[in-house]
Each structure stands twice: as structure tokens, then as C-alpha cells.
Ligand SMILES: Nc1nc2c(ncn2[C@@H]2O[C@H](COP(=O)(O)OP(=O)(O)OP(=O)(O)O)[C@@H](O)[C@H]2O)c(=O)[nH]1
Ligand SMILES: [Mg+2]
């Protein structure tokens, strides 16, 4: 299963409570207070990992809870710190904070005032205060964008451990019975969206041959079939050059008219090419399904523009596929007369023209 958008509920570990204890030993009378502090609660951390390729783990486990801190003990023993929960997510995950909906039994308090979005919120639960991260506003709702391998973000911090009674001792207060409860860990709700990071995005109508091209240039094995919407989820492949340089290519489901409005598989997948540095517009030059490559090209540009005008500012390369079929040559002449742009001619099926395509991609990508 491929999951590229997932809502999660996060709770960091609560701090352990401080302990009230007095030293009791034979021959030592009134040994004094010796209650230790509570341990800190664990944090919830997300880290970008190149081996994770989608958010399916979080789909099955959308509640992330870190371990709580241990309580303090006698003999000044500090409670054990809670282990942090570290979750791996794919590179390219954007994390947005959502408005927190308190659980039953919780009351939203904002220092006695009506709540203002973007300010600190506190929750009161069974007489104790939970820290909730500031509610999102347009400017602050993106918490992090994990792009590089190893980049990490602490989503919620664990609570501090409470003080034990030995820390309350003073010259005038030698047998304190005070202690502190551990702080509650932060809670929050987040939405994770994956926006794949690849150098080249393959864009084209269904059946144009995008998956065939990906399978010829890289070691990826996407499904290839002569019907539209064979590819249902983005596929990534890496193509290598003789000097060990490499390019990553992303194949997304075919675009059709209205894709910007979520027609077909539309919108959901266009975001995966938002971050590609180069767009490869693949056209079925033979017009196999009674299509006209000129119309296809116009429509693709229109869909990209309607989705986000910035898409057209990216460098793009037009690639004419299916040049092995007899109708292709005449269509290509017509296309070139109409647009006067550089067109790379290939036949993905017969693997012809692929070396020139690779070199052109490289030059455009570097330049
Ligand atoms: N004759 C010929 N057929 C091709 C060529 N490239 C792809 N095809 C055929 O076109 C059909 C569709 O190919 P796919 O690679 O699945 O197309 P796609 O663009 O990934 O399609 P979707 O995933 O549905 O968007 C398959 O039957 C391929 O064998 C080519 O260069 N020449
Ligand atoms: Mg495909």
C-alpha cells in the first residue's frame, strides 16, 4: 500500500513524580529526607530516512506515544528517563500541525481568556495541566520539512520529572514532605504529507509510456499495460551514468484534463512533482488512442499551470515516444512546425534514443 498523507496523534511521555521518603536505618535516627526526583518523559521525534518510501507504517499506527519517566525513589534514587520514540519517515515529508481537539475530560484554558489561534494553549485534565503546542496559523502551521537524510524534528517534548522531597530541604525546613508531580508530556495532532524528491518528474497522458521509459532507464519494475491508469502510485527509479553520476526519476499516474481539479488521479499526485527540478513531458507521438500529440502537449501545460503557475517556470524537456510506429514521423513534423522546440525522439519499447535522452537530462539538470 502507498500512503502519502496521514494524520497522526502524538503524545510525549509524562515526567515521573518526585518521591517523599526519609532515611531509615539502624542506629541512624532521623536520617533526613531522601526522596529522589522523577525521570523525564521521552520525546517523540521524526527522522527522515532514505529507506522509508512512504507513510504506510503510520497508517497502521497513527498514535505515537513516548515512554513516561519513572517515579523517584527513596535513597535519593532518580526515576529512569523515558525512552524517546523515534519514527522514520521518508525524505520529503512535510509536517503540518493541526488544530488540537481535546479528548473527553479535558478543558481548553488560555490563561482565563478566549483562545487566540497561534498562542500557547494549556489543557487541564484531572487538575493537571498539559502543554499543547501553539495552535496553527497560516504562518506557523508547517512544523518541518524533512528533506535531507537524517534530518529530524521533535514533534512533542516529554515532561520534566517532578522534584523529590530531598530537594526541598533547607536550614529551617529539615523534614520536608513536599514533592512535585511530573510535568505532563506535550500532545498534538499533525498531518504528514509526502512530497517526493526526485530530479526529474515524468509527466504525460495515461498510456504515453512513462512507466515503460522508467523501466528502461532505471532498475525500477513498474507495471506496464496498454490501458490508462496502470500506474496508481508514484514510482521512483535511479539512473546511473558512466562516471557514477546519477539522476532520480519519478513516474506518476497519467494526467488528464481537469487533473488540477482532482479529476482522474489528479491533484494528489501532482504534488509529487512539485519538487522535481526538471519536468519531462512525455508525448505519445503516434497518437495510439486517437490522440493528437499537439493537443496533449497543450493540455498538459494547461493542467500544470492551473495546478500551480510555478510549475511552468521549471525547465522542461519534451520527449516524443513511440517513434517506432509509422504514424509518429508525420505527427512529429507537424508538432515541430507548430512549437519550434527541441524534441528528443525515443522509442521506450525498443530502447532507442535513450542514451541521447539521458545526456540531455543531465545537461538540463546540471545547467
Ligand atoms: N509501440 C510502442 N509502444 C509503447 C512504447 N512505449 C510504451 N508503449 C506501450 O504503451 C502502453 C502503455 O505503456 P505504460 O508505460 O504503461 O504507459 P504509462 O504512461 O505508464 O501509462 P499509465 O500508467 O496508465 O499512465 C504499453 O502497452 C506499452 O507497451 C513505445 O515506444 N512504442
Ligand atoms: Mg504508468
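The values are calculated or read from the model by the stated rules, or taken from the named source; none is laboratory data. Note that the structure is a prediction, hence the values are computed from the model and not measured. Because the Cβ atoms are built from the backbone with ideal geometry, glycine has one as well, and the counts that use them run over all protein chains shown.
Test residue 312 against the stated conditions and say whether it is closer than 21 Å to residue 234 by Cα, more than 16 Å from ligand 1 (Cβ to nearest atom) and in the same structural domain as residue 205 (by TED's automatic domain parsing).
Working: closer than 21 Å to residue 234 by Cα: yes; more than 16 Å from ligand 1 (Cβ to nearest atom): yes; in the same structural domain as residue 205 (by TED's automatic domain parsing): yes.
Criteria met by residue 312.
Consider segment 289-327. How many of its residues are within 16 Å of ligand 2 (Cβ to nearest atom) and out of contact with any helix residue (DSSP H, G or I) (no Cβ under 6 Å at 6 or more places or on another chain)? Talk me through it step by step, then tell me what you get.
Filtering segment 289-327 down to residues within 16 Å of ligand 2 (Cβ to nearest atom) leaves 289, 291, 296, 300, 319, 321-322.
Next cut, out of contact with any helix residue (DSSP H, G or I) (no Cβ under 6 Å at 6 or more places or on another chain) only: 289, 291, 296, 300, 319, 321.
Total satisfying the criteria: 6.
Can you tell me how many residues in segment 273-301 are surrounded by 15 or more Cβ atoms within 10 Å (Cβ to Cβ) and assigned to a helix (DSSP H, G or I)?
Total satisfying the criteria: 8.
For the structure I just gave you, tell me whether residue 234 is surrounded by 13 or more Cβ atoms within 10 Å (Cβ to Cβ) and within 26 Å of residue 328 (Cα to Cα). Outline the logic, then answer.
On the way: surrounded by 13 or more Cβ atoms within 10 Å (Cβ to Cβ): yes; within 26 Å of residue 328 (Cα to Cα): no.
So residue 234 fails the test.
Any chance you could count how many residues in segment 216-227 are in contact (Cβ under 8 Å) with a residue 12 or more places away in the chain and either more than 9 Å from ligand 2 (Cβ to nearest atom) or not assigned by TED's automatic domain parsing to the domain that holds residue 351 (or both)?
From segment 216-227, those in contact (Cβ under 8 Å) with a residue 12 or more places away in the chain are 216-220, 222-224, 226-227; that's our starting set.
Remaining after also requiring either more than 9 Å from ligand 2 (Cβ to nearest atom) or not assigned by TED's automatic domain parsing to the domain that holds residue 351 (or both): 216-220, 226-227.
Looking only at that region, the number is 7.
What's the number of the only condition in (1) in a loop (DSSP other than H, G, I, E, B); (2) assigned by TED's automatic domain parsing to the domain that holds residue 80; (3) over 20 Å from residue 271 (Cα atoms) that residue 166 fails to meet?
(1)
Test each condition in (1) at pLDDT below 90; (2) more than 13 Å from ligand 2 (Cβ to nearest atom) for residue 206 and report the one that comes out false.
Unmet condition: (2).
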